[in-house]
Structures are given as structure tokens and as C-alpha cells.
Amino acid sequence: MPLILCHSPKGGTGNSFVAAHVAMHLARNGHDAVALDFTYQDALKLYFGLLPSQTLAEFRSGGGGGLAVAGVELSSAYQLARDRDFVAALREGRTPFSGRKIHVADVAAGDRETKDLLLPHALLQICTLLPQPASLASLGKIQADTPAVELPRTVFVLNQLDDTHRFSRHTHIFLRELLGDRLIGTIRRDEAVNEAAAMFEPIGKYAPASAALSDVAQVAKRIEARAGLEAEADRIS
Amino acid sequence: MRSDAANLLARLGRKDFRYREFTDNFADMELWPIFEALLTDDRIVGKPVSALAARNMEDIMPSAARASAGVTPEYGLFEQYGTDQLASRREKQGELNAFLQRLSRDDAEETD
């Protein structure tokens, strides 16, 4: 089931930024990548260099209709997650994420319903954390019935890491030990991420030497490998 | 100074930078109460350690014990998470899990 679910129990951690760059990485590696924005905020498109006023077409499971940006088919899925037939299909185990396309879903922190709906259909859940107490405290809220360190298909990304700050360094060390290889990578704090979005440019164009860009590229590569999609990319090429 | 930083400064011909490395190992790491709270939360670690055990970071985190004993950590703060290091990560996760299981056994024996 080619779905990668990006959801963090705490908002504002950079979930959409990670989702956008995972989708762009997959597209660069020859996958048919679809990025689905399940959020009301509708901010995923900013990381593709689009304007807030640009409206995305609603996702159709048959494909098509999405806006092609950076090789990714970008669609809104906020209304879809509230569509009775779609919800019923997912609950019955029928997946609309069929075929060879890889779907990357950006789900808002507060929208646990959509997250729970999509999770059984996902290859992997990416949970983005910040080196901040409120974000760490949310580790207990990832899934009701399974401890965070035992979630089989969840990987963690520590975003906005700043080694000049003591708590940030200590959080990195602590999470590395607590989560082991589930901590799939870190992304350095980098103002270029904000500046690029403010300029309506992808960060790769606005600041190609950005530290965050190089880190998120590494993270995306490891996510592709962890989801078992590297072999698929080799086959396609 | 790290050699890559020294090389970069040499290439740039700059001598007026102040150099500082922001590195910590476990021996330097403080056990912030939030870390202790996470280690004692069964929603996070499954079988949580006791509050007392959680305060002893060196017992819970084997790397901390090695660092405080003067053993060089196996990896640095700036390392990347390459696949070649995943085995090392799994080993460390195993150590933590083993410790938590040992604590659980000890607790069970004490209550018997």
C-alpha cells in the first residue's frame, strides 16, 4: 500500500515541510509521487513554492486533477477525509491508494480521526518532533494502545535542531538513545526554510546550500529505504 | 579544532573567526525532568522504569556509563544516520530494552 503518513501529535513541528520534501525526493527518484494535503490550514503547497491563494484540486483516487509541481502531483484531501464513501472504504480495508503511485499524506496534528483512518493503509508513519518540551511530551499521544518506542511502522524526525542550544543538544542525545534507529534523522534549524516559503520559492531554488535542505534530503532518502521503496525506484529506472 | 573546520577556514583565508564546538556526551548531559517523565511514562516506553531509576541516567542509557567511565563514545553528535550505523543503533536500543526488562524482573522478584 503505497502511502506514507506524516502526522505528529503536536502541531508546528515541520510536518508539512517534511511531507513536501519526502514527496519531492520520491519524484526525483523516479516514483510517481502524489502529495495529499489533509489539513484545513492548507500549508503544504507553500513548501512547493505556491501562493496561499492558489487552490488545489481535490484528490481523486483514479489519479489526475492534481497540480504538478516539482514532479509531484499535489492535491487537497481535506474534504475527501470527510466523504462518507471514502471513510467507509478505508474502514472496510479497501484502499484508494492503489497502483504504482506513492502517496504522501500531510495530516494536521489535531486531526486524529484522519490519522487513525489512514494509518492501517500506510507503509510508514513519519512523526516530526522539535527539541522542545511540549513536543517531547506529545510522544505519549502518538497511539493509544502501543508505546511510542514499540510502534512498528513509525519513524521519528527531530526538526529544528540547534547545537548551540543546550536543551536542543541534550534532546538529540536523549532521543537517539530512547528511539534507536526509529529516530531516522535530524534537520538543523535554518531560517532559509521560512525565507523560501515567504518568497514562494522551493528551498532548493531559494537556498540550495541550506543546511535544512541537505538534512531533509538525507531524511527523505532514509524514509524511502525504510519504506522499502528503493528497490521500486531501481526497477523503474 | 576539527580538521574540516580548520581546512575550511584555511581555504577562506579567515583567521578572525571564533571557533567553538558544541558537543556533549552522556556524561555532560543533564537529566532534565522532562526526560525523566518520558522514561517513567508507559505510553512511551511500555514498561516504564521507576522514578528513582529514571534519575540514574547512567543505568538506563549504557552510553552514559561508558562516557562517564572515560570511554570514547562510539559516535559523535554531528554524525549522520547512515545505514552502516543502524546496527549500532539496534544494539543500543537492545541495551535499553534489556535494561528495562531487567528492571521489570528485579521488581517482580522484589514483590515475590
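Observations
- Shielding score for A:137-147, defined as the mean number of other chain Cβ atoms within 10 Å: 3
- Global size of chain A: 16.7, 50 Å for Rg and Dmax (C-alpha atoms, Rg to one decimal, Dmax whole).
- Under Karplus coefficients 6.51, -1.76 and 1.60, residue-wise ³J(HN,Hα) of the stretch A:80-85 in Hz, glycine/proline x: 4, 5, 10, 7, 4, 5
- Peptide A:179-189 is shielded by partner chain Cβ atoms: per residue, an average of 4 of them sit within 10 Å of its Cβ.
- The peptide list A:137-146, A:88-97, A:104-113, put in order of mean Cβ contacts within 10 Å with the highest first, becomes A:104-113, A:137-146, A:88-97.
- The amide H of A:Ala33, built 1.01 Å from its N in the peptide plane, has A:Glu73, A:Ile102 as neighbours under 5 Å, considering only residues 5 or more places off or on other chains.
- Near B:Leu31, no amide H atom lies under 5 Å from its own; only residues 5 or more places off or on other chains count, and H is placed 1.01 Å from N.
- Neighbours of A:Ser76, meaning other residues whose beta-carbon lies under 15 angstrom from its beta-carbon, give a summed charge of -4 when Lys and Arg score +1 and Asp and Glu score -1.
- Shielding of B:28-38 by partner chains, average beta-carbon count, 10 Å: 5
Quick note: the coordinates plus some simple rules give every number you see, no bench work behind them. No experiment lies behind these values; they were computed from the predicted model shown. For neighbour counting, all protein chains shown are included, and Cβ atoms are generated from backbone atoms with ideal geometry for every residue, glycine included.
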